[in-house]
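Some notes on the structure that comes next.
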Amino acid sequence: METTLAMTMLTAIGLILLKLSLNVTVPRQWTLQQAITDSYLTFEKASAQRQSFEALTGAGSLWPQYPTVATTTVTFGKLPGGTPITGTVTRTRIPDANNLPAKGGSGTAATNPSAMEVYRLQSVVRYTVGKRSYLKSRTVVRSQ
């Protein structure tokens with residue numbers, strides 16, 4: 001009888017300690033996923049800044065002209081244990097209103113005498129942690 005009671009108490013204590021240790025690791029995984037997606041967006045921003053203007057405005061651009069968007073499924077990284085962190089990246093290029101009509105704007109030679117081209121390159125990341133969905137975005141302004 002005493003042995004059964006002792007084993008029951010040890011099992012209960014073991015389950016409580018297991019639950020407490022899991023409660024400690026869950027917030028760390030959330031923080032890790034936030035850091036990984038932030039670093040991916042840093043990569044997106046750097047990519048938007050380093051591409052040539054011809055590559056950004058060309059037909060095969062990663063950032064198609066608004067209202068068209070390009071959506072890609074990506075793997076941001078892996079959690080300890082090998083669980084992948086996946087999500088989608090949506091990209092678009094928004095022309096400035098003062099761009100000339102051939103470049104997606106409504107400007108004229110009087111309002112834009114140097115024929116300056118300005119675009120906002122926007123990348124939006126969508127991913128899920130547990131039951132919650134998150135969105136993060138970065139916008140880069142490029143001009144020529």
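The values are calculated or read from the model by the stated rules, or taken from the named source; none is laboratory data. All values reported here derive from a predicted model rather than from experimental measurement. Note: ideal-geometry Cβ built from the backbone for every residue, glycine included; neighbour counts use all protein chains shown.
Values as computed for the structure displayed
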read-out	value
Subset of region 91-144 (residues that are crowded, with 18+ Cβ neighbours inside 10 Å, of a type in the set (Ser, Thr, Tyr) and modelled with pLDDT of 90 or more)	THR92, SER123
Index of the failed condition, THR4 passing every other in (1) part of a helix (DSSP H, G or I); (2) of a type outside the set (D, E, K, R); (3) surrounded by 14 or more Cβ atoms within 10 Å (Cβ to Cβ)	(3)
Qualifying residues in region 42-59 (those that are out of contact with any strand residue (DSSP E or B) (no Cβ under 9 Å at 6 or more places or on another chain) and in a loop (DSSP other than H, G, I, E, B)) - the one surrounded by the fewest Cβ atoms within 10 Å (Cβ to Cβ)	ALA59
Residue that is surrounded by the most Cβ atoms within 10 Å (Cβ to Cβ), among those in region 60-86 that are part of a loop (DSSP other than H, G, I, E, B) and at pLDDT below 85	LEU79
Matching residues, region 27-56, being without any contact (Cβ under 8 Å) to a residue 60 or more places away in the chain and of a type in the set (Gly, Ala, Ser)	ALA35, SER39, ALA46, SER47, SER52, ALA55
Output for region 115-144, where each listed residue is closer than 16 Å to ALA97 by Cβ, in a loop (DSSP other than H, G, I, E, B) and touching a residue at least 24 places away in the same chain (Cβ under 8 Å)	MET116, GLU117
